[in-house]
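Asker: Okay, here's the structure, questions in a sec.
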Amino acid sequence: MFSRNIKVAENAGALTSLAANLFVDIGRESITMSGSFTVALAGGSTPRQLYSLLASERYKRELDWSLVTFFFGDERHVPPDSEESNYRMANETLLTPLGIALENVHRWRAELPDGSDAADRYQAKLEVLLASRDRSIDLVLLGLGEDAHTASLFPYTAALSETERHAVANWVEKLDAYRLTLTPRAINAARNVIFLVSGEAKATAVKHVLEGEFRPDQFPAQLVIPQNGTLYWLLDEGAASLLDRSKF
Ligand code: 6PG
């Protein structure tokens, strides 16, 4: 059984601080338990502020970052120096400012022309690393799209029904592109999952996912049900504005 925690911050700034504190708490607990902390970073724009805050004077000494290994929950099928690259965004805001060693950063080889090849390589990398830890990723950080997608699990796409693999190349018709993504199986094996969602534009998606009928093809974030982990929804007032507050 998993436990679900919903926390609402008054604004985007408070949400970022809430997320930074939880990130550090989970990191410390993981390092205490196993001597290391593995995290799969989210892409998009929302986490940018969180990454900058974690790399700031206020937080950069809160964790022994040399013990942290970074993965990516998903990646666009673009080179690492592309403006669309999730790796590039995290590298600029978090990894380079913290001086994270290259061997502790596992990006998708999204520059490879064949997305399936990139996914196969990530699958193999995940299997090796996690087998050696007899445990899953300690923290998967996720965003939420206005269409209730998360990572690159978009509505009505093949990756939603993938039950064996941890990493796939997912064709997204509406983007006319492949996206590289962890599968629901990989995400749900994590010890902790955090959804970080900000802004009124996401309120309808948040309500569908948290309070709506279970229709995961239409609302893929509903597939995130960690088997034995803890699920956190960190929202600001805008993103939470349509929720029935009496329910949490
Ligand atoms: C990506 C993300 C994606 C993102 C949502 C929300 O590659 O874009 O993995 O799932 O989290 O689309 O994006 P914003 O934070 O930009 O609203």
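The values are calculated or read from the model by the stated rules, or taken from the named source; none is laboratory data. Quick caveat, the model's predicted, so the values are computed rather than measured. Cβ coordinates were reconstructed from backbone atoms using ideal geometry, including for glycine residues, and neighbour counts include every protein chain displayed. Note: areas computed on protein heavy atoms with side chains; ligands, DNA, RNA excluded. Shrake-Rupley method; radii C 1.70, N 1.55, O 1.52, S 1.80 Å.
Asker: Which one of Leu129, Leu112 is within 19 Å of Asn86 (Cα to Cα) and either surrounded by fewer than 21 Cβ atoms within 10 Å (Cβ to Cβ) or within 16 Å of the ligand (Cβ to nearest atom) (or both)?
Answerer: Leu112
Asker: For the stretch 92-109, which positions are within 18 Å of the chain's Cα centre (by Cα) and open to solvent by 40 Å² or more (accessible area, probe 1.4 Å)?
Answerer: Glu92, Arg107, Arg109
Asker: Looking only at the stretch 157-194, which residues are more than 15 Å from the chain's Cα centre (by Cα), closer than 23 Å to Asp138 by Cβ and within 13 Å of the ligand (Cβ to nearest atom)?
Answerer: Ala159
Asker: Something else: When the stretch 115-126 is examined, which residues are found to be open to solvent by less than 30 Å² (accessible area, probe 1.4 Å) and either at pLDDT below 95 or in contact with a Leu (Cβ under 9 Å, 6 or more places away or on another chain) (or both)?
Answerer: Gly115, Ala118, Ala119, Tyr122, Leu126, listed by residue number.
Asker: Residue check, Leu41 against (1) out of contact with any Pro (no Cβ under 8 Å at 6 or more places or on another chain); (2) under 15 Å from Ile137 (Cβ atoms); (3) surrounded by 15 or more Cβ atoms within 10 Å (Cβ to Cβ), all met but one. Which one?
Answerer: Only one criterion is unmet by Leu41, namely (1).
One line per residue, one yes/no per condition, for (1) over 14 Å from the mean Cα position of the chain (by Cα); (2) not aromatic (Phe, Trp, Tyr):
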position: Asp25; (1), (2): yes, yes
position: Ser45; (1), (2): no, yes
position: Leu50; (1), (2): no, yes
position: Ala55; (1), (2): yes, yes
position: Tyr59; (1), (2): yes, no
position: Asp74; (1), (2): no, yes
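Asker: Being within 15 Å of the ligand (Cβ to nearest atom), closer than 25 Å to Trp65 by Cα and crowded, with 19+ Cβ neighbours inside 10 Å is true for just one of Ser152, Ser85. Which residue is that?
Answerer: Just one listed residue meets the conditions, Ser85.
Asker: For the stretch 32-106, give me every one of the strands (runs of 3 or more DSSP E) that falls completely inside it and has 1 or more residues that are among the charged types (D, E, K, R) and under 17 Å from Leu196 (Cβ atoms).
Answerer: 74-76
Conditions (1) under 19 Å from Phe72 (Cβ atoms); (2) at pLDDT 95 or above, marked per residue:
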site	(1), (2)
Thr183	yes, yes
Gly199	no, yes
Ala205	no, yes
Glu213	no, yes
Asn228	no, no
Leu242	no, yes
Lys247	no, no
